[in-house]
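*Asks:* Below you will find the structure I want to go over with you.
The values are calculated or read from the model by the stated rules, or taken from the named source; none is laboratory data. Quick caveat, the model's predicted, so the values are computed rather than measured. Cβ coordinates were reconstructed from backbone atoms using ideal geometry, including for glycine residues, and neighbour counts include every protein chain displayed. With ligands, DNA and RNA removed, areas are computed over all heavy atoms of the protein, side chains included. Shrake-Rupley method; radii C 1.70, N 1.55, O 1.52, S 1.80 Å.
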Amino acid sequence: MHLKRWLQDAIKIKEEDDEKDEEEEEEEVEDIKCACQNLILRCGRGRCGCSLRFSITSCSAARCSMSMFSSLKERVGQILLPGDEFCCGPQDTLPLTDSGRPERLVAGPGLRRSGDRLLVSRSGVLRHKEPNKFWIESQQRRYVPAKGETVIGIVTAKSGDVFKVDYGGSEQASLSYLAFEGATKRNRPNVQVGDLVFAQFVVANKDMEPELVCIDGSGRANGMGVFGAAGLLIKVSLGLVRRLLAPHSDLRADLEQLFPCELVVGMNGRIWVRAASVQQTLILANLLQSCDTMTAPQRQQLFRRIQLGAL
């Protein structure tokens with residue numbers, strides 16, 4: 001009797017173990033299917049139709065990035081304030097072309113990346129340049145040097161073979177006497193303290209002293225060097241400088257219709273202007289400084305009054 005009961009219990013335990021083994025096998029099969037599906041998606045297309053080289057989660061990230069890009073385009077031309085943010089996915093590639101080829105979003109001045117977010121760090125108007133560049137246009141006056149930018153500087157001192165140049169930043173830049181076209185140890189350039197120089201940054205690092213040169217990559221001056229005879233140097237905002245240097249600048253075209261003049265525009269917010277007479281030079285200088293706070297219709301109305309001799 002006891003032996004029969006013991007055999008029944010053993011058979012029941014064996015059946016329960018078999019059921020557990022079957023459930024574990026089914027779970028392993030499901031895991032293998034999921035792994036194969038992820039492998040297929042890495043080499044093919046995601047569920048949303050986008051080309052992928054990563055797993056399923058990238059589809060939702062790409063959709064989030066596309067929504068962030070569309071949100072940016074909707075806000076172009078509007079005023080943004082520091083603290084405004086646009087959310088994006090960890091994969092910051094956006095299908096900006098018709099072919100669907102992903103390109104990287106370029107955040108210019110006033111925009112800063114923080115993980116999967118794009119933060120506004122400066123108040124101003126959001127601008128966009130095709131296909132994928134965004135920046136904030138503002139009335140900033142503090143200049144931060146950047147490699148390759150041309151500036152107008154004032155020579156403040158001579159220190160051995162190096163000139164010290166004030167470009168309006170937090171520290172002065174160095175300019176070697178050999179950084180001029182045709183300059184040698186015997187043929188030194190005629191640079192005096194107080195002269196204006198139009199130069200280009202070759203070193204612009206927060207951990208190093210800024211360095212300027214008055215030649216391009218081929219050793220030519222290309223418009224750079226000492227200048228400034230009989231002209232007037234003024235200070236404007238960096239936004240006005242970018243408007244003047246735009247390929248098709250309405251402001252520059254309006255100025256050319258007033259008086260024949262010479263303009264030297266530095267990215268550091270300094271403009272040197274010279275016209276045929278002292279009176280015309282002062283008028284142009286006052287107009288440039290007034291354009292900082294004027295809209296396009298106000299500027300055009302003021303220029304028409306000057307052309308008619310009302311001012």
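*Asks:* Only one residue in GLY182, GLY219, GLY169 is in contact (Cβ under 8 Å) with a residue 60 or more places away in the chain, more than 18 Å from VAL264 (Cβ to Cβ) and not aliphatic (A, V, I, L, M). Which one?
*Replies:* GLY169 is the lone residue from the list that is in contact (Cβ under 8 Å) with a residue 60 or more places away in the chain, more than 18 Å from VAL264 (Cβ to Cβ) and not aliphatic (A, V, I, L, M).
*Asks:* Restricting attention to segment 122-161, which residues are over 26 Å from PHE198 (Cα atoms) and not basic (Lys, Arg)?
*Replies:* Pass one, segment 122-161, residues over 26 Å from PHE198 (Cα atoms): 122-136.
The answer is SER123, GLY124, VAL125, LEU126, HIS128, GLU130, PRO131, ASN132, PHE134, TRP135, ILE136.
*Asks:* Do you know which residues across segment 226-258 are in a loop (DSSP other than H, G, I, E, B) and surrounded by fewer than 17 Cβ atoms within 10 Å (Cβ to Cβ)? Let's see the steps before the verdict.
*Replies:* Taking segment 226-258 as the starting set, the residues that turn out to be in a loop (DSSP other than H, G, I, E, B) are 228-231, 236-237, 245-249.
Selection gives ALA229, ALA230, LEU245, ALA246, PRO247, HIS248, SER249.
*Asks:* Another question, if that's okay. Identify all residues within segment 137-164 that are at pLDDT 85 or above, closer than 28 Å to LYS73 by Cα and crowded, with 17+ Cβ neighbours inside 10 Å; write none if there are none.
*Replies:* Passing the criteria: only TYR143.
*Asks:* Name the single residue that is surrounded by the fewest Cβ atoms within 10 Å (Cβ to Cβ) among those in segment 166-193 being farther than 21 Å from GLY217 by Cα and in contact with a Ser or Thr (Cβ under 8 Å, 6 or more places away or on another chain).
*Replies:* Going through the qualifying residues, I end up with VAL193.
*Asks:* Can you name every residue in segment 209-220 that is part of a loop (DSSP other than H, G, I, E, B) and surrounded by 17 or more Cβ atoms within 10 Å (Cβ to Cβ)?
*Replies:* Matches in segment 209-220: PRO210, CYS214, ILE215.
*Asks:* Identify, please: which residue in segment 268-311 is small (Gly, Ala, Ser) and under 33 Å from the mean Cα position of the chain (by Cα) and is, among those, nearest to LEU245 (Cα to Cα)?
*Replies:* Among residues in segment 268-311 that are small (Gly, Ala, Ser) and under 33 Å from the mean Cα position of the chain (by Cα), the one nearest to LEU245 (Cα to Cα) is GLY269.
*Asks:* Of the numbered conditions (1) open to solvent by 40 Å² or more (accessible area, probe 1.4 Å); (2) more than 21 Å from PHE303 (Cα to Cα); (3) hydrophobic (A, V, I, L, M, F, W, C), CYS261 fails exactly one; give the number of that condition.
*Replies:* Against the list (1) open to solvent by 40 Å² or more (accessible area, probe 1.4 Å); (2) more than 21 Å from PHE303 (Cα to Cα); (3) hydrophobic (A, V, I, L, M, F, W, C), CYS261 comes up short only on (2).
*Asks:* Sticking with this structure for a sec: Regarding GLY223, is this residue under 25 Å from VAL278 (Cβ atoms) and open to solvent by less than 50 Å² (accessible area, probe 1.4 Å)?
*Replies:* Working: under 25 Å from VAL278 (Cβ atoms): yes; open to solvent by less than 50 Å² (accessible area, probe 1.4 Å): no.
No.
*Asks:* Could you tell me which numbered condition ARG270 fails, if it satisfies all but one of (1) touching a residue at least 40 places away in the same chain (Cβ under 8 Å); (2) over 22 Å from LEU238 (Cβ atoms)?
*Replies:* Status for ARG270: all satisfied but (2).
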